[in-house]
Amino acid sequence: MSIVTVQLGQCGNQVGQELFDVICKDAHDGQKKGYNDASTERFFHETTTGDLSSRAVLIDMEPKVINHSMSKAAKSGRWRYGEKSHFSQKQGSGNNWANGFCVHGPRHREAMEDLVRREVERCDRLAGVMTMMSVAGGTGSGVGTYVTQCLREVYPNSFILNHLTWPYDSGEVIVQNYNSVLTLSHLYGLSDAILVHENDTVHRICAQLLNIKHISFGDVNRVIAHQLASVLQPALTTDSYGVYSRNPLGELVSSLACHPEYKLLSVCSIPQVASSSMAYSVFSWPGLLKHLRQMLISNTKMEEGIDWQVRAPPAHCGGAESARSFRTTVFNTSLANLLILRGKDVFSAEADGFQEAALYTSWLPSREAFSMWKSPVSFNQYEKSATLVSNSQTLLKPLDNMVRKAWNMFASRAYIHQYTKFGIAEEDFLDSFTSLEQVLSSYIQLG
Amino acid sequence: MTQSIVVQVGQCGNQVGCRFWDLALREHAHVNKKGVYDEALGSFFRNVDSRSSGAGSCDTMGGRIQRLKARAVLVDMEEGVVNQIVQGPLRDLFDTTQLLTDVSGSGNNWAVGHMTYGSAYREQIVEKVRRAAEHCDCLQCFFLIHSMGGGTGSGLGTRVLGLLEEEFPEVCRIVTSVYPSEEDDVITSPYNSVLAMRELTEHADCVLPVENQSLVEILTRVRLMSRAPGPGVKTDSTLISSQGGGPEKPFDSMNNIIANLLLNITSSARFEGSLNMDLNEISMNLVPFPRLHYLVPSLSPLHSLADCSITPKRPDQMFSDAFSKDHQLIRADPKNSLYLACALMGRGDLLLSDLRRNIHRLRSSLSFVSWNPEGWKTSLCSVAPVGHAHSLLALANNTCVKGTFTALRDRYTRLYRKKAHLHHYLQEEGMELSLFSQAAESLSSLIEEYDQLDRSSSSSSSSSSSSPDAPRLQIAT
């Protein structure tokens, strides 16, 4: 089945390009045919000249980034973007969510919908739509939210996955917390699942695991693309009987987003090492999975500085008790986890540690809460690799920070006039705050 | 890419504008060696066919430069300065259709400029601006340059501002306003400035205030250093040279500083960079409340621009300088006042890590308003100013700006108490006494808004080191 990707704004268009690059390289570096064919069907279609063209739509309100991404793809020689699959304007959204959502979105609705429809019609079997964007700026967040809303209307029965990049905590856009709050609260009602990468976390991976000295946005984007591809590339589920071509978005959503109050997914993968030290590293499945499990329960987002003291609680203590002290508790309770293993001897790997009931909330049995996909094909040059997609309390703290900062600013009504002039009222802000406080409260009550 | 139009009004506005066009041309000539008309040039210049006299446009990108025309409208109510420009080395940049002049001047009277000339020339001004706008395929911003003290710049300049808002409500208006020195030879300058202030507060998106006195002090320091033993002044430095602009005129070096400010603020719109800042992002990020849109500019390096015997400063020194009192273009000390927000716009070989490191280093010595502790907006433009490795422009929305405003109000009050010169104003059609009190009230309430922010920050900082969070919404569970 095929996924149509919609890349929005500067961030979305940069990360998207890296994603297709990783996928294309991974699937065609002498891999097995079944895997390659499934991957190609998922992300590309063949043009009449036999080239691979990505099933992607590029949207931005200014032309520079799209031009750059398209020419980078063409230069790769492996794949390219469809010649007419992009839409851009001259003037950006100026970091203003309201400008993107209320002005640019509605103004260009038809053109943007047409582009998506063309890609959808090219698919024999549509798995769903994935949008990629950041939440900080104006175009990705504002137009991105608007486009998601339109897609939900046009394709009410298709899966929609939003991939979001969350900004650096001390950001480069002053109003990023407003834009983030508005985006997340709206998407929560539209999306099937929201997959999040935090710039701060990825930046630390670049610095500490990959040993990159001068970190650029390109480095950060490549790490995001690597993790995302490791989720989306073909894999075998427990009931797929050795056949790759299943619906990756549908299976992701049904394994992880089983309750409408819980839609925030985080990703971590191991191993991630600098390419120079790859040759000297040997990994075993039990070792990788032991680390990954501890990363999950101690809420460590990369394989360094893992707190080995954290243990799963012996039995469930009342939700309200731990809820009150969530800022001090370290144990990370999950609603659902999806483990994806790729590489050599994958069928010998045992993931018992992830199936313990203590890891999960009391109202969902662990056999429902835990899923595993496997693929014997090694991924992106790693002989063995494991990726965990988790619907847990991991994102509670960054989300709480975002809401707190935006709320502090809102308390003095700073910058509100910039939004009201495009048609977003104070009440809209209040609604957004309310719905995110609700989300926070739900996640607090998990543990 | 988007385009911007410069509207320069009055003697000061036209002189500063003239320096801007000269330096902008030199900057583009330095980057664009092939003589191709590109997006960067297109943001402030048109390319017209030299065969058909100015009418035939060949604005298509990638073609050869034929004849460049500034996207500008020049307005003055006397002929001297504009005539000098159209007879000087920059004459080819402007068509006569872009100029509007009168002969008699505004007599340092805001009412003459704003009311009398404003009404008489209204249609013509709108027509000229509209024509300039029609040459743009995506007009993003107007840059208005004027002074506050005289009659034309302050009176007609602010009238033009209102017209721009009326006719082009969606286009951003960034105003560069030159404030008079305390010992100004124009006796009515406090009246003119206060009357103009109200217009700026109500109709501009952003105002970049520049004080004459501050420019004089900066130049004195620069001259002192360039007299020090050593190879002397850099000949290609854009700060104090005026080559290409004809013989140096008295205000040229001061005007060059302002022109440099404009070059830097527009650099991100004109050239590529790893972290772009669109012009509409300036007000979005730096203006939390609609009236508080006065952004204190500071440029660095200043000293090393003038004297190459001083080794180029390390980037870190440049960041420190940008926050020092000596580098502000108004006489104010942002370090000892409250920041609402701050933009750092770097050019040249600066890296993302330079920005991050210096923000981290400096933030503890600066006080930010409690609800915006991370109020930084940053940008990086890869093209450095001519002759330099890097430069930095800081735009601070800082309560220190109120010092300039209170000094202005005091001078105004002294004059107004005696009702001196009022009759010159009141005899102009449309001018009423109530306009004076409304303008003074508007200024006072602006000062009060800054005061209030200062007070709330000092009360919260005395109670605890970090101000407490606002009580959050409670969800019933």
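Select from region B:324-343 the residues that are in a strand (DSSP E or B) and either surrounded by fewer than 23 Cβ atoms within 10 Å (Cβ to Cβ) or polar (S, T, N, Q) (or both) and list them in ascending order.
B:Gln328, B:Leu338 - these are the residues of region B:324-343 that are in a strand (DSSP E or B) and either surrounded by fewer than 23 Cβ atoms within 10 Å (Cβ to Cβ) or polar (S, T, N, Q) (or both).
Kindly indicate the residue of region B:258-281 that is of a type in the set (A, V, I, L, M, F, W, C) and closer than 12 Å to B:Ser4 by Cβ and also surrounded by the fewest Cβ atoms within 10 Å (Cβ to Cβ) among those meeting that condition.
B:Ala269
Report yes if A:Val389 is within 14 Å of chain B (Cβ to nearest Cβ) and touching a Leu at 6+ places or on another chain (Cβ under 9 Å), otherwise no.
So A:Val389 does not fit the description; no.
Answer yes if at least one residue in region A:255-272 is assigned by TED's automatic domain parsing to the domain that holds A:Phe159, in a helix (DSSP H, G or I) and more than 30 Å from B:Leu275 (Cβ to Cβ), and no otherwise.
Yes - at least one qualifying residue is present in region A:255-272.
For region A:361-447, list the helices (runs of 4 or more DSSP H) that sit wholly inside it and hold at least 1 residues that are among the acidic types (Asp, Glu); which are they?
In region A:361-447, the matching helices (runs of 4 or more DSSP H) lie at A:366-369, A:396-411, A:426-444.
I need the helices (runs of 4 or more DSSP H) fully contained in region B:39-150, keeping only those with at least 2 residues that are at pLDDT 95 or above and of a type in the set (Val, Ile, Thr).
Ranges flagged: B:118-134.
Filtering region A:146-184 down to residues that are polar (S, T, N, Q), within 13 Å of another protein chain (Cβ to nearest Cβ) and open to solvent by 20 Å² or more (accessible area, probe 1.4 Å), which residue is nearest to A:Asp400 (Cα to Cα)?
So the residue we want is A:Asn177.
Looking at B:Ile174, is it modelled with pLDDT of 95 or more, within 14 Å of chain A (Cβ to nearest Cβ), under 27 Å from B:Gln438 (Cβ atoms) and open to solvent by less than 10 Å² (accessible area, probe 1.4 Å)?
Taking the combined requirement at face value, the residue satisfies it.
Taking the criterion of being surrounded by fewer than 18 Cβ atoms within 10 Å (Cβ to Cβ), more than 14 Å from every other protein chain (Cβ to nearest Cβ) and under 21 Å from B:Asn260 (Cα atoms), would at least one residue in region B:399-413 satisfy it?
no
Considering region B:100-127 alone, what residues qualify as being open to solvent by 40 Å² or more (accessible area, probe 1.4 Å) and either in contact (Cβ under 8 Å) with a residue 40 or more places away in the chain or under 22 Å from B:Thr201 (Cα atoms) (or both)?
Listed by number, the residues that qualify are B:Gly107, B:Asn108, B:Thr116, B:Ser119, B:Arg122.
When you look at A:Arg55, is it touching an Asp or Glu at 6+ places or on another chain (Cβ under 9 Å), more than 30 Å from B:Ala40 (Cβ to Cβ) and open to solvent by 60 Å² or more (accessible area, probe 1.4 Å), yes or no?
Judged against the criteria, A:Arg55 is not a match.
Considering only region B:1-32, state which residues are of a type in the set (Lys, Arg), open to solvent by 10 Å² or more (accessible area, probe 1.4 Å) and farther than 16 Å from B:Arg270 by Cα.
Selection gives nothing.
Tell me which of these A:Cys102 doesn't satisfy, since it passes every other one: (1) within 14 Å of another protein chain (Cβ to nearest Cβ); (2) within 22 Å of the chain's Cα centre (by Cα); (3) part of a helix (DSSP H, G or I).
Condition not satisfied by A:Cys102: (2).
One residue is enough: does region A:198-216 have a residue meeting the conditions touching a strand residue (DSSP E or B) at 6+ places or on another chain (Cβ under 9 Å), open to solvent by less than 10 Å² (accessible area, probe 1.4 Å), without any contact (Cβ under 8 Å) to a residue 40 or more places away in the chain and more than 14 Å from every other protein chain (Cβ to nearest Cβ)?
Within region A:198-216, one or more residues are touching a strand residue (DSSP E or B) at 6+ places or on another chain (Cβ under 9 Å), open to solvent by less than 10 Å² (accessible area, probe 1.4 Å), without any contact (Cβ under 8 Å) to a residue 40 or more places away in the chain and more than 14 Å from every other protein chain (Cβ to nearest Cβ).
Does region A:185-197 hold any residues that are within 15 Å of the chain's Cα centre (by Cα) and open to solvent by 10 Å² or more (accessible area, probe 1.4 Å), and which are they?
Correct list: A:Tyr188, A:Asp192.
The values are calculated or read from the model by the stated rules, or taken from the named source; none is laboratory data. Predicted, not measured: the structure shown is a model, and the values here were computed from it. Ideal geometry is used to build each Cβ from the backbone, glycine not excepted, and the neighbour counts take in all protein chains shown. SASA here: full protein model, heavy atoms, side chains in, ligands and nucleic acids out. Shrake-Rupley method; radii C 1.70, N 1.55, O 1.52, S 1.80 Å.
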